[in-house]
Amino acid sequence: MMEIREIIGSFIVLTGSFFLFTASIGLIRMPDFFNRIQAGTKASTLGSLLILAGVAVLNPVWWPKLLIIFIFIVITNLVSSHCIGRAGYHSNCEKGKLNRDDLKNLKINKGE
Amino acid sequence: MVEIIIYIALSLTLLALIISVVRFAIGPKTINRIVSLDVIGFIAISLIVMIAHFASRVIYLDVALVYGLLSFLGVIVVARFIERGL
């Protein structure tokens, strides 16, 4: 019984590390900034959450602290990727590569 | 068997960290380096949690939480600085 639980947990950890590996591969293979942020943030979120879940299966006594880190990652990764995307759009160094710019006609207050 | 699977997972995560550091080194502008820094932060959190499992110490999870907090703060500050200056 204990052996089966440990095998399941280790396979969940292996899946999470595979997703982290694909995140870094996408980070180095993608040609553009917006592709890079999409590949990097989504796959790294899934990989981190799977590794936390796998360690929680391996050591069931640790689940409160792992749940705190889980909720923390779910909240902060979205906020940080949104901030990076805004900074990349407003910093004018990647705007020339866009085919279609939906935010061009909007009045965006940069000072607020 | 369990130990071997977790060693393979640890080596894959270390390889991901090395590839992200390569992108951090060759990134054309600061904005690509920030994306790489974000990914490095989350890979480091996962690595610290796996090391806590290896060492069987629950206190390392606090280290992972504080590391995540500081990494998030650093990413937010640098992104805001690029967007509109100090």
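On inspection, B:F42 passes the criterion of being among the aromatic types (F, W, Y), part of a helix (DSSP H, G or I), touching a helix residue (DSSP H, G or I) at 6+ places or on another chain (Cβ under 8 Å) and at the interface with chain A (Cβ under 9 Å from one of its Cβ atoms). Against the numbered list (1) among the hydrophobic types (A, V, I, L, M, F, W, C); (2) surrounded by fewer than 16 Cβ atoms within 10 Å (Cβ to Cβ); (3) modelled with pLDDT of 85 or more, A:F18 comes up short only at (2).
Got at least one residue in segment A:78-101 being closer than 21 Å to B:D62 by Cβ, more than 7 Å from chain B (Cβ to nearest Cβ) and in a helix (DSSP H, G or I)? No - not one qualifying residue is present in segment A:78-101.
To keep it simple, each residue is scored yes or no on (1) touching an Asp or Glu at 6+ places or on another chain (Cβ under 6 Å); (2) more than 20 Å from A:F72 (Cβ to Cβ); (3) not in a helix (DSSP H, G or I).
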position	(1), (2), (3)
B:V49	no, no, no
B:H53	no, no, no
B:R57	no, no, yes
B:A64	no, no, no
B:F72	no, no, no
B:E83	no, yes, no
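Mind checking whether some residue in segment A:50-58 is more than 7 Å from chain B (Cβ to nearest Cβ) and at pLDDT below 90? No - not one qualifying residue is present in segment A:50-58. Pairing each residue of segment A:14-37 that is in contact (Cβ under 8 Å) with a residue 12 or more places away in the chain with any residue that is assigned to a helix (DSSP H, G or I) and basic (K, R), provided the two are 6+ apart or on different chains, yields C-beta distances under 7 Å for A:L27/A:R36; A:L27/B:R23; A:D32/A:K97. Among the residues of segment B:70-80, the ones that are at the interface with chain A (Cβ under 10 Å from one of its Cβ atoms) and loosely packed, with under 13 Cβ neighbours inside 10 Å come to 2 in all. Scanning segment B:2-17 for residues that are within 8 Å of chain A (Cβ to nearest Cβ) and either without any contact (Cβ under 8 Å) to a residue 24 or more places away in the chain or under 12 Å from the mean Cα position of the chain (by Cα) (or both) turns up B:V2, B:I5, B:I8, B:L12, B:T13, B:L15, B:A16, B:L17. Only a single item in (1) within 12 Å of the chain's Cα centre (by Cα); (2) of a type in the set (V, I, T); (3) facing another protein chain (nearest Cβ under 8 Å) is not met by B:I31, and it is number (1).
The values are calculated or read from the model by the stated rules, or taken from the named source; none is laboratory data. Since we're looking at a predicted model, the values are computed, not measured. Don't worry about glycine lacking a Cβ; one is built from the backbone with ideal geometry, like all the others, and counts go over all protein chains shown.
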